[in-house]
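Asker: Would you mind keeping the following structure in view while I ask a few things?
The values are calculated or read from the model by the stated rules, or taken from the named source; none is laboratory data. Computed from a prediction, not measured in an experiment: that's the story for all the values here. In this analysis, Cβ positions are derived from the backbone assuming ideal geometry, glycine residues included, and neighbour counts consider all displayed protein chains.
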C-alpha cells in the first residue's frame, strides 16, 4: 500500500485517459497546440510515473500549422486490446463562435513507444472521442456531439457508432445514447463493461469550477442509461476551500490489487483572482465499487482528496514495505549534449527541424534561428518546458549578437501568443544590445516595461523566478553577479482564467520557453548553452 499525493502529474497534463496493459498502467493527456502530440506516462504501481512516449511525432499524424491557441489535440483516449494500443484523438482547427472545426482520428501501435501508425480518419461530428472494446470483439466509437444550430444546446449528447477495425471504417449510423444529466455540458465519454452493465463515464458542468464526473449505466450498449443516484461522483463545485479545483473529466482503471481508481483533471488556484498558473493537472482518486452496485469515491462524498491510498502498490518498496511516491521533476537541467531534444521539451504546432532548431551546428548548445513573433500561430522558433511548481527558478546561458532591433531572443513565461511575459535580448539603433521585458496580456502588447543596456558582446545568463503569482527577472554578464531587473510581474496572467477575463478560451498551462525572433534582414542565431528549472526546495542552489 502507498500514499499518493495529488496531483500525480502536476503542470499542464489535462484530460487524462488511463488504461492498463498487463502489469503496467498508462496515462495519456491532452497536448493541444504543443508538439509532439499526446504525452503518455507509464507506471507499475499507480504511484510513481515516468514519461513513456509521445504518440504523434510525424506531420502525417498531426499537422497543426495555423491552429488557434488551445486548438490541436483535445482529450485523447488510450486503450489496450488485441495485443495493441489504440489511441483516439481530436485535432481541433478552430472553435470560434458557434462552431467546432474538428476531425477525429485513430492510430495504433504494438508498443506504447511506437512506432504509431498513420491515422485513420473517423468523423467530424464532435470532439472527445474514445474507443470501447466489447467482450464479443466488436469495437465502438463514442464522441461528444456538437450542435451549432441557433436555439440548440451545443453539447447535444454522446453518440455511439460501431468501428470495423479490419476495414478501418465506421459502420451504420451514429446513435445518441446519452443526452446528459441536469449538469449539462456533457463530453469526455468512456465506456466500461462490468457485472453485465455498460458503465458510461462522462465529464459534465464545463471545464471551470463547476466541472464534474458523471456515471450512468445500462444493460444495453445503446441505452437507455440511468444516471448515478448520487451524481456527480466527483466535483469541487461550491467547495472553494478545496486545494484541488475544477475536478472532472475522468476515466477508470483496475489497480494492482483489483480495486478501482479514477484518474481525473484538476487545477490549483493561486493569487487573489484564483488563477491556475500551471494549468489543468492529473490527479488520482480511489473508488469503492461493489459488484453490481454503483462506483463511489472511497471514504464517501464526492470531493477530490489530496492524498489517496493505492492498494497493492508493491513494485517500488521502501524499508517499511510501502511504495514510495517520488516527487515529479523537482529539478530539470539540460546541457543540450544529445542528438535530439529531451522529451521534457515541446515546440509549437510542428516538429523541430534543422532549418530553425539545431543541436548539431554548435555542439553542446541549442541553436535557434529567429522566425515570426510570439503572437504568430504559424512558424515560431521556440522550445518550452512545462511549469510544474508554483515556486520555481528557471535559468539559461545565452550567446546572441543581434544585428538590429528586429532580432530578439531570450526567456519567457508563456501560455500562448495572447498571454506571455518575455525577458528579451535585442538590438538598438546604435548597434548595441539591450534587455527588455515585454508583456502581452489579453492579446494586447503592453510593450517593453523597461530597457537595460547590456555589454556589447559575450554570453549572458538570464533568470526568471516565480513565487506563486509573482514573477521577477534577473540577468548577469558571463562570470558576473546577478542583477535584478526592476519590476514584479503578474504570473497569474499565464492562465485559463485570465483568458476568460478577455472573453477568450484557453485550456493549456504555463511554460518556461527559450525563443528567438527575426523580422528583418540578416541572420543572428541565438545559442543556449544550458537550461535549468528548479522547484522551491532546491531553488537557492546556484547554477
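Asker: Within the stretch 207-231, can you find the residues that are within 24 Å of the chain's Cα centre (by Cα) and modelled with pLDDT of 95 or more?
Answerer: Matches in the stretch 207-231: 209, 210, 211, 212, 213, 214.
Asker: Within the stretch 111-131, count every residue that is in a strand (DSSP E or B) and within 20 Å of the chain's Cα centre (by Cα). Break it down stepwise before answering.
Answerer: So in the stretch 111-131, the residues in a strand (DSSP E or B) come out as 120-123, 130-131.
Within this subset, residues satisfying the condition of being within 20 Å of the chain's Cα centre (by Cα) are 130.
Residues meeting the conditions: 1.
One line per residue, one yes/no per condition, for (1) touching a helix residue (DSSP H, G or I) at 6+ places or on another chain (Cβ under 7 Å); (2) over 30 Å from residue 290 (Cβ atoms); (3) without any contact (Cβ under 8 Å) to a residue 24 or more places away in the chain:
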| residue | (1), (2), (3) |
| --- | --- |
| 137 | no, no, yes |
| 142 | no, no, no |
| 148 | no, yes, no |
| 160 | no, no, no |
| 208 | no, yes, no |
| 226 | no, no, yes |
| 231 | no, no, no |
| 247 | no, no, no |
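Asker: I've got another one for you. Just to check your reading of the model, which residue among 463, 451 is in a strand (DSSP E or B), in contact (Cβ under 8 Å) with a residue 12 or more places away in the chain, over 20 Å from residue 275 (Cβ atoms) and under 28 Å from the mean Cα position of the chain (by Cα)?
Answerer: Answer to the check: 463.
Asker: Among the residues of the stretch 291-300, are any within 20 Å of the chain's Cα centre (by Cα), under 14 Å from residue 242 (Cβ atoms) and either surrounded by 14 or more Cβ atoms within 10 Å (Cβ to Cβ) or in the same structural domain as residue 206 (by TED's automatic domain parsing) (or both)?
Answerer: no
Asker: Let me ask another. Kindly establish whether residue 482 is under 24 Å from residue 403 (Cβ atoms), modelled with pLDDT of 95 or more and touching a strand residue (DSSP E or B) at 6+ places or on another chain (Cβ under 7 Å).
Answerer: no
Asker: Would the stretch 176-190 turn up any residue that is surrounded by fewer than 16 Cβ atoms within 10 Å (Cβ to Cβ), free of Cβ contacts under 8 Å to residues at least 12 places away in the same chain and either out of contact with any helix residue (DSSP H, G or I) (no Cβ under 7 Å at 6 or more places or on another chain) or closer than 23 Å to residue 163 by Cβ (or both)?
Answerer: Yes, the stretch 176-190 has at least one match.
Asker: Considering the stretch 191-204 alone, what residues qualify as being buried (at least 21 other Cβ atoms within 10 Å of the Cβ) and over 25 Å from the mean Cα position of the chain (by Cα)?
Answerer: The answer is 198, and nothing else.
Asker: Which residue out of 108, 103 is farther than 17 Å from residue 127 by Cβ, without any contact (Cβ under 8 Å) to a residue 40 or more places away in the chain and not in a loop (DSSP other than H, G, I, E, B)?
Answerer: Working: 103 fails: farther than 17 Å from residue 127 by Cβ.
Sole residue among the options that is farther than 17 Å from residue 127 by Cβ, without any contact (Cβ under 8 Å) to a residue 40 or more places away in the chain and not in a loop (DSSP other than H, G, I, E, B): 108.
Asker: Kindly indicate whether any position in the stretch 252-263 is touching a residue at least 40 places away in the same chain (Cβ under 8 Å), crowded, with 23+ Cβ neighbours inside 10 Å and under 21 Å from residue 12 (Cβ atoms).
Answerer: Looking through the stretch 252-263, at least one residue is touching a residue at least 40 places away in the same chain (Cβ under 8 Å), crowded, with 23+ Cβ neighbours inside 10 Å and under 21 Å from residue 12 (Cβ atoms).
Asker: Okay, next question. Looking at the stretch 466-515 only, could you name the residues that are crowded, with 16+ Cβ neighbours inside 10 Å and assigned to a helix (DSSP H, G or I)?
Answerer: 491, 492, 493, 496, 497, 498, 499, listed by residue number.
Asker: Would you pick out the residues in the stretch 70-100 that are in a loop (DSSP other than H, G, I, E, B) and in contact with a strand residue (DSSP E or B) (Cβ under 6 Å, 6 or more places away or on another chain)?
Answerer: The answer is 70, 71, 100.
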